[in-house]
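Single-structure report; data block below.
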Amino acid sequence: MSHLKPVPDPKPAPASDQQPSIEELERYATVLRMHCVSMLAVAKSGHLDSSLSAADIVTALYFRVLRHDPRNPNWPERDRFVLSKGHAAPIQYAALAEHGYFPVEDLQGLRSIGSHLQGHPDMNRTPGIEVSTGSLGQGLSMSVGICLALRLDGLSDTVQTFAVLSDGDCQEGETWEAAMSAAHYEIPNITAIVDYNHLQTDGTTEEVMDTGDVRAKFEAFGWDSVEIDGHDMSAVVEALERSRTLGRPSAIVCQTKKGRGVSFMEGRFGFHGKPPSPEQAEQAMEELEATKRAQDEALGKR
Amino acid sequence: MAPATAEPKTEPIATRQAYGDALVALGEAHEEVVALDADLAVSTQSMKFGKAFPDRFFNVGAAEANMMSISCGLAATGKVPYASTFAIFASSRSYDQVRLGIAHNELKVRIGASHGGVSLGEDGASHQMIEDIALMRAMPKMQVIVPADYNQAYTATHESFEREGPIYMRFGRPSTPIVYDEIAETLGDGVDVLRQGKDISIFACGHMVWRALDAAQKLEREDGIEAEVVNVAIIKPLASKAVLESLAKTGVAVTAEEHRVTGGLGDAIRQVAAEQHPVPVFALGMGDEFGVSGTAEACMEHFGLTSTGIIDLVREAMVKKPLVQHPPIRGSSLD
Ligand SMILES: Cc1ncc(C[n+]2csc(CCOP(=O)(O)OP(=O)(O)O)c2C)c(N)n1
Ligand SMILES: [Mg+2]
């Protein structure tokens, strides 16, 4: 795959004055959600509700907060993104494709033999993936490792590492080992974003294994820790941007809804790991298209 | 022993279903049976037990290491835990907890490891466990069982209550054809000759057993090769006597597994052959590689884990067979 080859000369990061507005970000989030629905409908496999849950967080990162250069995925001074909840790979793939890390058509190959888009992110196959994930609980530790290396390279002040975690991640003990180590090593440039949608594979987190006050837990581990509405785009952007100014480990607990943006899935148990049926995909697409039309109109009027 | 009362299946069905069904039967028969899962209870089928016996079911969430050490505590306090999750998390994710807490203590914990191998499919390399047999074979005291179909998986689960010591049982995700007509009371020594043959032995386990039978039929039809098909359901402790009997008869073998050859069934058979009856053993399985995303069947094909793969290897083995001098079997080996 030719596009896997690193570009030889680093290009500068995209100019910051072209930053999209909150309304534009909301529209991008809808576009990414639509990609997820169509990818999963073709693949007939994958985690749709998990991807939709994280769509606003991932959009805020890729379209506004992250300093990255799609033409040069290996630019040493890029911010790092780690999807600890690797099963939500479709939402990251959609963001990467929209930025031109690889052709948008590649999305249709998701989860099939010969495609570089594996069921879970694979750093050796897909440009823009920093580390392979898929086994819950490992992403925050990997992020700590990235930050320690950045410190050795003198890049702690310039580069931020953002890790997106799920409820399941927070149930794995390793996440708390990572939290302890980030505080111990006084890592200034790590942001943990928890996609706290209160649903896991077998039920609600409250039924299966209650993760409780995740914000307070991170705080107890020595992190700056805030809790926000994970679908409020301006709150998400603000919290993410604030986190990189703190100079200490930062947790953003996002209250979210699984399946966000598709009415029959939103906040409902029973969709985890199940691809949409053709009818469900059609209905989801219709709803998202309506959302996007309204967003387009609002943007056009301004 | 309580008889396995379930109806045998005739249509293709996943082995993990048998685990869930037999667990419920065990729960009814024995109060000390408890079950655990790590947020995959619908996938592993332990949810059937959870629904029937909510008080004796513990879903610990995505926390496999915790689950294994909790199982240790339960077993040390007189319960018989069945701990279930995907094979990848049941073996590599929590190896040390299984090793010290369960195997070292020789506790009666049963690990129900579902979604073994690449036929897990689309989730890809991060979820496809292809070295669990090796890991668990290497662990002292751990017994390793890989049933071939639903009916044998039911027997394995049901009978596991009667066996001593820790057991790792590997089940599969996709529906697979039925090999055994009956649900037997016991696995016996765990090595069954399913088809007699004089030319070559095919040792297979799990999802490769029905494919081996399919391959043997075609080999007879197309090449006139009479292949003996041996299902090795208990890989550890391996009934080497039964293995040697087949090797002595045919003088050459092929092994087939949905797993790395290194440390897997292939190596287990080679070990017996090398020490006690050195004949060539050709192994079909995963090489030094990880899995990939694809449908179950596409993944099996991608790695050559098909009846065609077995046929090709058998043909190659038959060409090389005459070149090998057969040493006499030492009398003691087959005693
Ligand atoms: C270590 C580990 N155990 C189990 C799994 C299987 N698994 C995949 S997603 C998931 C839980 C999904 O719920 P959650 O973590 O809350 O993620 P969400 O999709 O809700 O964001 C589980 C148990 C895994 N990927 N890794
Ligand atoms: Mg969740």
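The values are calculated or read from the model by the stated rules, or taken from the named source; none is laboratory data. Predicted model, so just to flag it, every value in this text is computed and none were measured. Note that each Cβ is placed from the backbone with ideal geometry, even for glycine, and that neighbours are counted across all protein chains shown. Only protein heavy atoms, including side chains, enter the accessible area calculation; ligands, DNA and RNA are left aside. Shrake-Rupley method; radii C 1.70, N 1.55, O 1.52, S 1.80 Å.
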- Message: Just checking, does the stretch A:111-121 include any residue being over 28 Å from B:GLU297 (Cβ atoms) and touching a Gly at 6+ places or on another chain (Cβ under 9 Å)?
- Response: no
- A:ALA182: passes all of (1) in a helix (DSSP H, G or I); (2) under 22 Å from the mean Cα position of the chain (by Cα); (3) within 16 Å of ligand 2 (Cβ to nearest atom) but (3)
- Could you list, in sequence order, the residues of the stretch A:245-265 that are in contact with a Pro (Cβ under 9 Å, 6 or more places away or on another chain) and either open to solvent by 60 Å² or more (accessible area, probe 1.4 Å) or among the aliphatic types (A, V, I, L, M) (or both)? A:LEU246, A:ARG248, A:VAL262, A:MET265
- Query: Does any residue of the stretch A:149-156 turn out to be in contact (Cβ under 8 Å) with a residue 12 or more places away in the chain, away from every other protein chain (no Cβ under 14 Å) and either outside any loop (DSSP other than H, G, I, E, B) or buried (at least 23 other Cβ atoms within 10 Å of the Cβ) (or both)?
  - Reply: yes
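Give the stretch A:103-126 a look and list any residue that's away from chain B (no Cβ under 12 Å) and open to solvent by less than 10 Å² (accessible area, probe 1.4 Å), or say none.
Once the filter is applied, which keeps residues that are away from chain B (no Cβ under 12 Å) and open to solvent by less than 10 Å² (accessible area, probe 1.4 Å), the stretch A:103-126 yields only A:LEU107.
Quick grid of which residues meet (1) within 14 Å of A:LEU140 (Cβ to Cβ); (2) more than 16 Å from ligand 1 (Cβ to nearest atom); (3) crowded, with 19+ Cβ neighbours inside 10 Å:
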| position | (1), (2), (3) |
| --- | --- |
| A:GLU172 | yes, no, yes |
| A:THR175 | yes, no, yes |
| A:THR205 | no, no, yes |
| A:LYS217 | yes, no, yes |
| A:ALA220 | no, yes, no |
| A:GLY230 | no, no, yes |
- Which of the helices (runs of 4 or more DSSP H) contained wholly in the stretch A:10-99 include at least 1 residues that are more than 24 Å from A:ASP296 (Cβ to Cβ)? A:22-43, A:48-53, A:89-98
- Among the numbered criteria (1) within 13 Å of ligand 1 (Cβ to nearest atom); (2) not in a strand (DSSP E or B), which single criterion is violated by B:THR85? (2)
- Out of all the residues in the stretch B:120-155, which are away from chain A (no Cβ under 13 Å), surrounded by 24 or more Cβ atoms within 10 Å (Cβ to Cβ) and in a helix (DSSP H, G or I)? B:ASP132, B:ILE133, B:MET136, B:TYR150, B:ASN151, B:GLN152, B:ALA153, B:TYR154, B:THR155
- Message: Between A:THR245, A:THR191, which is in a loop (DSSP other than H, G, I, E, B) and more than 12 Å from ligand 1 (Cβ to nearest atom)?
- Response: A:THR245
- Message: Please go through (1) open to solvent by 30 Å² or more (accessible area, probe 1.4 Å); (2) touching a Leu at 6+ places or on another chain (Cβ under 7 Å) for B:PHE161 and return the number of the only condition it doesn't satisfy.
- Response: (1)
- Could you tell me whether any residue of the stretch B:264-280 is basic (Lys, Arg) and in contact (Cβ under 8 Å) with a residue 40 or more places away in the chain? no
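Quick check on B:THR250: is it over 26 Å from B:ILE130 (Cβ atoms) and either of a type in the set (S, T, N, Q) or surrounded by 21 or more Cβ atoms within 10 Å (Cβ to Cβ) (or both)?
yes
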- Task: Go through the stretch B:91-107 and give me each residue that's under 20 Å from the mean Cα position of the chain (by Cα), away from chain A (no Cβ under 13 Å) and crowded, with 21+ Cβ neighbours inside 10 Å.
- Result: B:VAL98, B:ILE102, B:ALA103
- When every residue in the stretch B:30-57 that is of a type in the set (Gly, Ala, Ser) and in contact (Cβ under 8 Å) with a residue 40 or more places away in the chain is compared, the one surrounded by the fewest Cβ atoms within 10 Å (Cβ to Cβ) is B:SER43
- Query: touching a Ser or Thr at 6+ places or on another chain (Cβ under 6 Å), open to solvent by 30 Å² or more (accessible area, probe 1.4 Å) and away from chain B (no Cβ under 14 Å), is that true of A:ARG268?
  - Reply: no
